[in-house]
Amino acid sequence: MKARRAFGDEERTHPVNEPRGRPGREVAGVILGGGAVLLWSLSSACIVGVGQRLGAWQFLAVVSLIGGGLQVVGQRCLGRELRSLLVLPWRLGLAVLVGFVLYLLLYTTALVSAPTEVQAMGVNLMNYLWPTLAILFTTWWVPGERMHRRLMVAIALSLGALLLANGADVFRLDFRDGIRPYLLGGGAAVSWAAYCALMSRWRSWASDYAATPLGFLLVGIVASLVCGWRGEWQPMEKGTWVGVLVTALGPWAGGYMLWEMALHRVSGVTLGLMGAVTPVLSTLNLLGLYALTAPGRVSGTRVVVLIVAALLMAMAIALGASSSRRTGQRDLERKGAG
């Protein structure tokens, strides 16, 4: 049976539960996704450490323009034509605006505007609801993906790990004094999850394009205009430039490039579960930053709690990936028997 067409003629039909490619290609996708996760784990610490010094709009303007330029160079070195980086089909372009540009604007302004360290970690937690949302969206939107018991248990473990990692700090806050950053963080989670699910659904033709270079350049242009309009441009010291370049080269240009390459090679459900590791690693990096800038705020008990949460995340990833493979194998066996 053929999966139904959607979103226009650009999307190709494919058999439900058809293998997504050679085993080596899927392994490469998992490796690329893992590299993206490791780089992304530095993102929140970079945004807080550098963005709170520069302000959200100047940080976004400088880092996004540098990151976008680096991605264009990197994609050209991989053999992509410039047209496939800067001229996108309208559906993909709309997904970039709603799912990528909006995500970076919401996530960065949420972290930078958080008034305390505790709230910054809570906002980070809200943002990292995206792996679970991406799994849900993928099972709804991508032909051949479906919800099953093991995946539901994996999602529950992911949510439990997130709650264990940061829940106590979130519940101690007075939401009347700082609900805006949480709303921005939650909006960022929905935005990025939708983008990942759509990229997974459109993989058959979207792999001909690289969407993130244009996304970064658009974020940089918008942020530059807003920063100029608000009169927030300020001189940057050498240390700030180092932080900007590390962010642009690592979590942003490198991380997003690896993630987009992974989306074209492996299931969005598997990548969504892999991404569930990021909040714990990200929180550890934030705690490390606070230990350097505000000593005494990282307790031994907190470190133990985070390690336990990381183990729960690892269990969720293994369970979800195993579950997805088992389901696909059973369906193929039934198909062959029929």
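Pop the C-beta distance of GLU237 and ARG83 into the FRET formula with R0 = 30 Å and round what comes out to the nearest 0.05. Given R0 = 30 Å and the Cβ-Cβ separation, E is 0.20. Sparse packing (at most 15 other Cβ atoms within 10 Å of the Cβ) combined with a DSSP loop state is found for none of the trypsin sites (Lys or Arg not before Pro) in segment 212-277. Of the peptides 279-290, 70-81, 185-196, the ranking by mean beta-carbon count within 10 Å, highest at the top, reads 185-196, 279-290, 70-81. Taking the average, over residues, of other Cβ atoms within 10 Å as the packing measure, peptides 239-249, 202-212 rank 202-212, 239-249 from highest down.
Net charge dipole, segment 201-277: roughly 180 debye, given to the nearest 20, about the Cα centre with Cβ charges of +1 for Lys and Arg and -1 for Asp and Glu. Remark: accessible surface ordering of HIS148, HIS264 (largest first) is HIS148, HIS264, probe radius 1.4 Å.
Cβ-Cβ distance of LEU292 and LEU245, R₀ of 22 Å, FRET efficiency by 1/(1 + (r/R0)^6): the value works out to about 0.70.
Residues MET257, MET199 ordered from highest to lowest accessible area at a 1.4 Å probe: MET257, MET199.
From the square roots a ≥ b ≥ c of the eigenvalues of the alpha-carbon gyration tensor of segment 198-292, which class results: rounded (a/c under 1.5), prolate (a/b over b/c), or oblate? Taking the square roots of the gyration eigenvalues as a ≥ b ≥ c, segment 198-292 is oblate.
Applying the criteria of a DSSP loop state and at most 11 other Cβ atoms within 10 Å to the GluC sites (Glu not before Pro) of segment 214-268 yields GLU237. Residue order by solvent-accessible surface for THR301, THR108, THR116 is THR301, THR116, THR108, largest first, with ligands and nucleic acids left out and a 1.4 Å probe.
The values are calculated or read from the model by the stated rules, or taken from the named source; none is laboratory data. As the structure is a computational prediction, the values presented were derived from the model and not from experiment. Neighbour counts are summed over all protein chains in view; Cβ atoms, including those assigned to glycine, are modelled from backbone coordinates with ideal geometry. Ligands, DNA and RNA are excluded from the accessible area calculation, which covers all protein heavy atoms including side chains. Shrake-Rupley method; radii C 1.70, N 1.55, O 1.52, S 1.80 Å.
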